[in-house]
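Single-structure report; data block below.
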């Protein structure tokens, strides 16, 4: 392990120096916990296509893609042009812009479940507003989320996102409601019930037990940060049926999974949620979020209905629907044609098949997960279908492989998760597969 870390430090001296300098003004020298790793994260100065360049001038193939956000890769000409054109005529107004209407129409057209939509500045705000709407619409308080499900960092969803193995309940027992960090109140914990991902029987039992109190179920159709773990079709169908039977709102968090098709994972699974949270790619790589769904629910946000609408929800933000972001989003969505989704998903399928074949030939305890253009690598004997399966991985080996891939010119997330971007080719896929095989044999 020392050799791997030493090589990392030797080849990234400017990142090291910048990280040390940053610690005087930011806790730990960082402002994004999920993109931090020891001994220090890389500092980047640019990117082009599928490649990203650090401050020491080293290029790497970028499978992390800012955790799936950069679906068109770096510095896409259409996105750059859209940003430049808007900047020259204005980049922040106290009022609306035509660009927000255009992007809203594109998203509503692509997502049949979304009658109306509103914009935010992050996926965190998107899920927060979905939950708020569900509580206001149903008059109920309880929110159901899944163990390992990541929906941003507001308090209601900062629960049982990454519990330690020692904190987990026994198999076949209901998951525990555990705060992700300090500062989560007991009242917040009482308003959340945690469910086991892809476990139909136990999930159904817990939900029916709480049906009278349940305002919403929020779920990632692809469990993202926990490992790119796809939901079973029957599992999502069960959630839809229970919501229909119990006057509960089904929320799909498609911040990550919207990249799987023109209509996101909900199109792929043919399961229609009541509300959908979006983010990442819909802003073309700029800060963005959005939430939308049924018109009767979204009408709670209509500022024109203040007199006879007791449950009106005020949702504001100085940078909501920023015109630069909206134009970047429009440009991105135009590039995401049906043929582009086919290309992305086919290349993702090819990568997972290559990795699986390599693993079989080596007879190693490694699992490959994902769907379409998303993938995850897990060092475990167990089939990975839930957070608990993913949490059983060899974390030391994961860390070693992550750093060694960086040393070999490839960037994944620190949990060995990644995605395909539009400029990638079969050569990029082959490079990852070859380097991964070489590293695994060595370690």
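The numbers here are math on the coordinates, done by the rules we state, and not lab data. Because the structure is predicted, anything quoted here is derived from the model rather than measured. Cβ sites come from the backbone with ideal geometry, for glycine too, and all protein chains shown count toward neighbours.
List of remarks:
- Highest-fluctuation residue, 193, 325, 55 considered, GNM on the chain with Cα pairs under 10 Å: 55
- Size descriptors for region 77-335 (Cα atoms only): Rg and Dmax, in that order, 18.4, 59 Å.
- For region 28-118, convex hull volume per residue from C-alpha positions, Å³: 179
- Considering only 235, 119, 67, the mean-square fluctuation computed in a Gaussian network model of the chain, springs between alpha carbons under 10 angstrom, is largest for 235.
- Cβ-derived FRET efficiency at R0 41 Å, residue 434 paired with residue 335, nearest 0.05: 0.90
- Over region 360-443, all Cα pairs binned in 10 Å intervals from 0 give whole-percent P(r) values of 16, 53, 29, 2, listed from short to long.
- Region 1-44 versus region 275-353: alpha-carbon centroid distance in Å: 33
- Comparing the chain with the 2.2 N^0.38 Å rule of thumb, its C-alpha radius of gyration ratio is 0.97 (two decimals).
- Span from the region 224-268 Cα centroid across to the region 392-437 one, whole angstrom: 27
- Exposure proxy ranking, count of Cβ atoms within 10 Å, fewest first, for 30, 62: 30, 62
- Packing-based exposure ordering (other Cβ within 10 Å, fewest first) of 408, 378: 408, 378
- 17 Å reach of a label modelled at residue 30, 7 Å along Cα-to-Cβ, counting backbone N of region 215-240: 225-226
- Working note: Cα gyration tensor of region 1-79, eigenvalues times five, square-rooted, sorted largest first, giving semi-axes of 24, 16, 12 Å.
- Here is the tail figure for region 281-374: Cα pairs spaced more than 20 Å apart come to 64 percent of all pairs.
- The calculated FRET efficiency for residue 234 paired with residue 93, based on their beta-carbon distance and R0 = 51 Å, is about 0.60.
- Modelled FRET efficiency - R0 35 Å, residue 342 with residue 314, Cβ distances, 0.05 increments: 0.25
- For region 405-440, the residues whose amide N sits under 15 Å from a probe point set 7 Å from the Cα of residue 75 along the beta carbon direction are 423.
- Debye-sum result for region 199-355 in log10 I(q)/I(0), which assumes one identical scatterer on each alpha carbon, at q = 0.15, 0.16, 0.18, 0.21 Å⁻¹: -0.97, -1.07, -1.23, -1.40
- Spacing of the two label points (7 Å from each Cα toward its C-beta) at residue 362 and residue 187, in nm: 5.1
- In the chain, helical runs assigned H by DSSP with n ≥ 4 each contribute -39500 (n - 2.57); averaged across all residues and rounded to the nearest 500, the mean residue ellipticity at 222 nm is -12000 deg cm²/dmol.
- Fluctuation leader among 53, 280, 45 - the chain, Gaussian network, Cα springs under 10 angstrom: 45
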